[in-house]
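Below: the structure, in structure tokens.
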Amino acid sequence: MAAKAARDLSNVASVIELKSVNKWFGQFHVLSDINLDVKEGEKIVICGPSGSGKSTLIRCINRLEEHQAGDIIVDGVTLSNDVKNIEAIRREVGMVFQSFNLFPHLTILDNLTLAPIWVKKMPKKEAEEIAMSLLNRVRIPEQALKYPGQLSGGQQQRVAIARALCMRPKIMLFDEPTSALDPEMVKEVLDVMVELAGEGMTMMVVTHEMGFARAVADRVIFMDRGEIVEQNEPEAFFANPQNERTKLFLGQILHH
Amino acid sequence: MSDDALPGGERRQLAPPIDESGALGWMRKNLFSSWGNGITTVVLIVAVGWILSGFLDWAVFTANFTAASGTECRGGGACWALIREKWRYIFFGSFPYEQHWRPFFAVIAMLAMLITSADRRMWNWRLLVIWGVGSVITFLLMFGQIHIPLSLVLFIALAVGGVGLSLRKAIADTGEMNAYRVLAAIGFVGLALRIAGVLPAWSLAIAPLSYVETSLWGGIPVTIILATYGLAFAFPYGVLLALGRRSNLPLIKGLCVGFIELIRGVPLISLLIMASVMLPLFLPSGTTIDKFLRAQVAVVLFAGAYIAEVIRGGLQSLPKGQFEAADAMGLNYLQKTLLIILPQAIRVVIPPLINTFIGFFKDTSLVLIIGIFDFLNTANQALVDPNWAGFPAEVYLFAAFIYFIFCYSMSRYSKYLEVELNKGTRR
């Protein structure tokens, strides 16, 4: 993973805007006054200690979690309780989960074509063509007719990425995509994600893979106790962290 | 050891230990591995042999298969002559004697319907055809005549059109979609005109045979009809209850919980008695609902509540990630439920579900309490004949044997279904 030149994104339109977003789990203030602007094509890596609210943050963007105050605007649509808006946003936003969440009763191919057929009303044949080309891209076309339970973790996660891409999303959210994988499988998944980044996809990735952050991210965000503590370009973020909490966290995950 | 090393530096694969195969080896290992084990084996074999020889002696060797009356039968072993004499009554009850071929073929039709729909390859539109044809044949044979009201035809047209339009939107071509539109339109306009009173209450009469009312039905067709249609309606109804119980809408949730708890809290017998005695009191005078139908509805309500709880167990066993993944893809509630959640939830609960089915198949015998002649009741009635009094063991054993065939088939089917549905999905 080679380091890439920092890009100037100041003139690009925003696709995700979070304006003073707040959320509580009971009494626990899990997101506290989050402001964030994500540009089209921007790759953002979010890290932070467990319980810092990073997963909750990206899950709010496609309404798997409901925020209680503030505004979230995705691709020009403001998230509200309106089901139409939620469904519109979910069509544009793909998500990859830590635990893959493939549908175990469907073949790999059916996992991929399900949403295009039922949500986009795409003809089955066309959906299957797209699915096969995506399986080629994640390098497992030969598994198309197997069931998820027959695949290794790394393969399952690559299928999950292909499944999300099948909807041709504008934005991809990754919620710790490599945390549930055996070490030897992490690379195959990261390779696919790096490739995807190279194609200009807008990505928000919650991960502790700092190598990936260095190679791909335009911006690294550090969260702690529900706040965005610090954000910067990866070079500066790793070389010169400003906040004490960031230094402590980086010290813990980089030196062992 | 140096022998183990091959030239390439690989390790030689060791052979597995010698299998203790063969009948003798198996017996030595499993039946006589120690003194205690050996003694247990011998004692059990002797006990089983003793019981079995006594039973066979009674049921086969000294049994009477040919006696012409009960008095001839006395003194020996089992009196199977009684079954020989009464089998047509036990199987078909008071159905007109010379017409017994009708319930016979109705049972054949229902069994064919059940067996073909057990095959997984039939689980698509074919299932509707099989059940449609099977049900028409069954009830045509049992009743002898069917009157199909126009409004029912219109309603079916509307339902088929509507379901087709909403569920096959993505897959069907324009021709098929137009067919649904036409069906729905005919159904809708027709029903509207019918309700407005423009169309008269026509009904299509198919009457090739003499009419036999349900009070004359009896025996095995009654048991199979009550169980088959009871469970066929209770299943979707139970699924709806289970989904309702997990709903976020407090009113729907409350209704479903209330219904399930209420029904589960009363014995089936009391529900049957209510359906047979109390329900007519609430109906406007002059309207009657067939007693058989009332019992059928009571069975559906009762079974539905139990099935709902079984399905709910399956719904709760699914990881939250499955719901989230479906949500994140943009599937709506109906799609998520039908495509992702229910197929998995039902797979998980097949064993308890079939257990419930088996229980209800046998529970249909409780309808004897309100005077419906199901199989157990006709078997019971066969004992009333004074010529053949005094042989309850034979009759009940015979009835038990028939029930066992059905229940054991269901149990085997459950096993097959578990394997079949988990093919490839198990790691």
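Taken together, the values in this text are just the output of simple stated rules run on the coordinates, not laboratory data. Bear in mind that the values here come from a model prediction, so they are computed numbers and not experimental data. Here the Cβ is made from the backbone with ideal geometry for all residues, glycine too, and neighbour counts use every protein chain on show.
Points worth noting:
- The condition of being β-branched (Val, Ile, Thr), surrounded by fewer than 16 Cβ atoms within 10 Å (Cβ to Cβ) and within 19 Å of the chain's Cα centre (by Cα) holds for only one of B:Ile358, B:Ile405, B:Ile369, that being B:Ile405.
- Looking at B:Ala106, B:Ala63, B:Ala59, just one residue is among the aliphatic types (A, V, I, L, M), touching a strand residue (DSSP E or B) at 6+ places or on another chain (Cβ under 9 Å), under 30 Å from B:Phe391 (Cβ atoms) and surrounded by 13 or more Cβ atoms within 10 Å (Cβ to Cβ), and that residue is B:Ala63.
- Scoring B:Gly132 on the criteria (1) surrounded by 14 or more Cβ atoms within 10 Å (Cβ to Cβ); (2) within 27 Å of B:Phe188 (Cα to Cα); (3) of a type in the set (Gly, Ala, Ser) leaves a single failure, condition (1).
- 1 or more residues under 30 Å from B:Asn380 (Cα atoms): qualifying helices (runs of 4 or more DSSP H) within region B:76-172: B:81-92, B:101-118, B:125-143
- Once region A:157-173 is narrowed to residues that are under 17 Å from A:Asp75 (Cβ atoms) and facing another protein chain (nearest Cβ under 9 Å), the residue that is farthest from the chain's Cα centre (by Cα) is A:Met167.
- Within region A:138-155, being within 13 Å of another protein chain (Cβ to nearest Cβ) and surrounded by 20 or more Cβ atoms within 10 Å (Cβ to Cβ) holds for A:Gln143, A:Tyr147, A:Pro148, A:Gln155.
- Meets criteria (within 21 Å of the chain's Cα centre (by Cα) and at negative phi) for B:Tyr306: yes
- Residue ID - nearest to B:Ile350 (Cα to Cα), chosen from residues in region B:377-420 that are part of a helix (DSSP H, G or I) and in contact with a strand residue (DSSP E or B) (Cβ under 7 Å, 6 or more places away or on another chain): B:Thr378
- Pair list, Cβ < 8 Å and 6+ apart or interchain, from region B:184-211 residues that are free of Cβ contacts under 8 Å to residues at least 24 places away in the same chain to residues that are assigned to a loop (DSSP other than H, G, I, E, B) and of a type outside the set (S, T, N, Q): B:Leu193/B:Leu199
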